[in-house]
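Here is the structure we will look at, set down as structure tokens.
The values are calculated or read from the model by the stated rules, or taken from the named source; none is laboratory data. Since the structure is predicted, the reported quantities are computational estimates derived from the model, not experimental observations. So basically every Cβ, Gly included, is an ideal-geometry build from the backbone, and we count neighbours across all protein chains shown.
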Amino acid sequence: MIFKSNITDEEKILLLLSNPFFTGNHKSDIKSIILKNSRISLTKIYSLALANGVAGFIYKNSRALNIFPDKINLNLHNFYKQAALANLLLLGETLAVLKLLSDNKIAAIPLKGATASDLLFNDFGVYPSGDIDILVHPLKLSESKRIICDQGGFYQIQEIAEQDLLSNHYHLIFRKNNLLLEVHWNLAKRYFSIPADFWWQESKSFEWNGINTFELSIEKYILYNIFRLFDHCFYPLRFFTLLGGIIDKNENSINWNELIDSASRYKMKKLVIFTLRLLKDMFNTNIPENFIQKKYFGYNYFKALAFSGIFSGIKKKHLRMMFYTVLLVESKTVFNILFGRIFPSQGELRLRYNIPPKSNKIYIYYIFNPFLLLFKKTNT
């Protein structure tokens with residue numbers, strides 16, 4: 001147990017129970033905490049688990065400990081079963097989309113969600129997912145859109161100006177009833193300029209449930225999930241759990257020098273080192289010490305900021321992202337990023353506030369955007 005922040009015993013137990021690969025050492029640490037503190041709020045742990053999307057891990061990892069009362073155990077079990085059912089349904093739909101694209105000679109890479117539940121955790125109940133995410137090459141984006149809409153079985157592209165999405169975001173959004181499908185053509189946006197071709201380098205084909213598809217190299221999968229954590233203000237905890245699981249399961253095949261070199265090339269090194277150190281402190285994830293032992297200016301402050309989001313929730317996301325941008329992005333690019341947040345393009349503004357195309361409301365939002373960034377919840 002490596003906790004070095006001033007966090008409560010309930011929060012320590014939450015982190016221990018959220019470990020993607022729970023061991024006897026984690027179990028002993030939890031027993032030790034409970035033995036020393038008889039006033040631990042199990043209800044608080046349960047509430048934090050729900051807020052952070054780790055109820056499935058808490059249920060699975062706590063069964064041998066028998067620390068929760070029957071009512072909480074029953075609720076955790078229900079969430080576990082609901083996640084398993086949802087993931088099985090999403091997996092079936094993910095495979096159908098991948099087969100459709102494969103049959104039309106379009107290479108696609110499935111990402112996170114039900115894919116992680118099956119291929120990484122081998123358990124559909126632990127990692128909840130709400131949508132389907134795949135990556136296609138930009139040159140195949142238009143064809144992918146046509147095939148999904150024409151042959152995908154009632155998929156419709158979401159009513160957002162497509163040009164706004166293409167120029168300001170990094171995925172197209174499709175809906176089929178309550179199902180959401182996001183087709184990405186890049187896995188980073190705004191804060192880091194990474195060419196789309198980068199993600200396909202060293203990608204490998206593999207057969208998954210009888211379907212020929214592709215997977216990211218492990219180093220790029222780690223970079224993608226680090227960016228995703230950053231883009232979501234290091235919240236919720238389940239994103240950390242996914243990243244920790246990816247690293248622990250693939251520890252013998254990760255080329256750490258290549259990972260850091262790529263991060264340096266695209267000005268992500270500060271962010272990557274911070275996230276890896278944080279992951280080590282949270283889960284004791286298997287990360288070589290020589291990559292994270294160098295002193296990091298302000299690390300304890302960033303860590304406390306990330307923990308405050310995990311344990312108290314994210315209220316003013318854009319204000320928090322400004323802090324993270326200033327502290328974790330290379331200084332020479334920070335000004336352009338912040339300027340773009342305060343004075344965005346029209347497409348970005350429409351996406352941020354759900355403004356219809358050609359609406360004159362956009363001029364009002366331009367005037368008030370700096371204030372809304374600080375006080376209003378927005379979409380991007």
Taking Ala49, is it in contact with a Pro (Cβ under 8 Å, 6 or more places away or on another chain) and part of a helix (DSSP H, G or I)?
no
Please work out if Ala83 is in a helix (DSSP H, G or I) and modelled with pLDDT under 95.
no
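This table checks each residue for (1) more than 29 Å from Pro236 (Cα to Cα); (2) not in a helix (DSSP H, G or I); (3) not basic (Lys, Arg).
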{"residue": "Ala114", "(1), (2), (3)": "no, no, yes"}
{"residue": "Ser117", "(1), (2), (3)": "no, no, yes"}
{"residue": "Phe124", "(1), (2), (3)": "no, yes, yes"}
{"residue": "Gly130", "(1), (2), (3)": "no, yes, yes"}
{"residue": "Asp133", "(1), (2), (3)": "no, yes, yes"}
{"residue": "Leu141", "(1), (2), (3)": "yes, no, yes"}
{"residue": "Ile147", "(1), (2), (3)": "yes, no, yes"}
Selection count, the stretch 264-320, where residues are over 27 Å from Ser193 (Cα atoms), part of a helix (DSSP H, G or I) and among the hydroxyl-bearing types (Ser, Thr, Tyr):
2
Could you tell me whether Ala96 is among the small types (Gly, Ala, Ser), within 18 Å of Val54 (Cβ to Cβ) and not in a loop (DSSP other than H, G, I, E, B)?
no
Taking the options Lys294, Lys269, name whichever one is modelled with pLDDT of 90 or more and within 21 Å of Leu223 (Cα to Cα).
Lys269
Do you know which of the residues in the stretch 277-304 that are among the aliphatic types (A, V, I, L, M) and touching a residue at least 24 places away in the same chain (Cβ under 8 Å) is farthest from Thr241 (Cα to Cα)?
Ala304
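Condition check ((1) among the charged types (D, E, K, R); (2) over 21 Å from Gly313 (Cα atoms)) across all residues:
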position	(1), (2)
Asn6	no, no
Lys12	yes, no
Leu15	no, no
Leu35	no, yes
Ile40	no, no
Leu48	no, no
Asn52	no, no
Lys60	yes, yes
Name the residues in the stretch 306-317 that are touching a residue at least 24 places away in the same chain (Cβ under 8 Å) and surrounded by fewer than 19 Cβ atoms within 10 Å (Cβ to Cβ), would you?
Gly313, Ile314, Lys316, Lys317
Yes or no: Asp231 touching a residue at least 40 places away in the same chain (Cβ under 8 Å), more than 22 Å from Thr115 (Cα to Cα) and surrounded by fewer than 22 Cβ atoms within 10 Å (Cβ to Cβ)?
no
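Residues are listed down the side, and each one gets a yes or a no for (1) surrounded by 15 or more Cβ atoms within 10 Å (Cβ to Cβ); (2) farther than 30 Å from Ser142 by Cβ:
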site	(1), (2)
Lys36	no, yes
Tyr46	yes, yes
Asn61	yes, yes
Asp70	no, yes
Lys81	no, yes
Ala86	yes, yes
Leu89	no, no
Val97	yes, no
Asn104	no, no
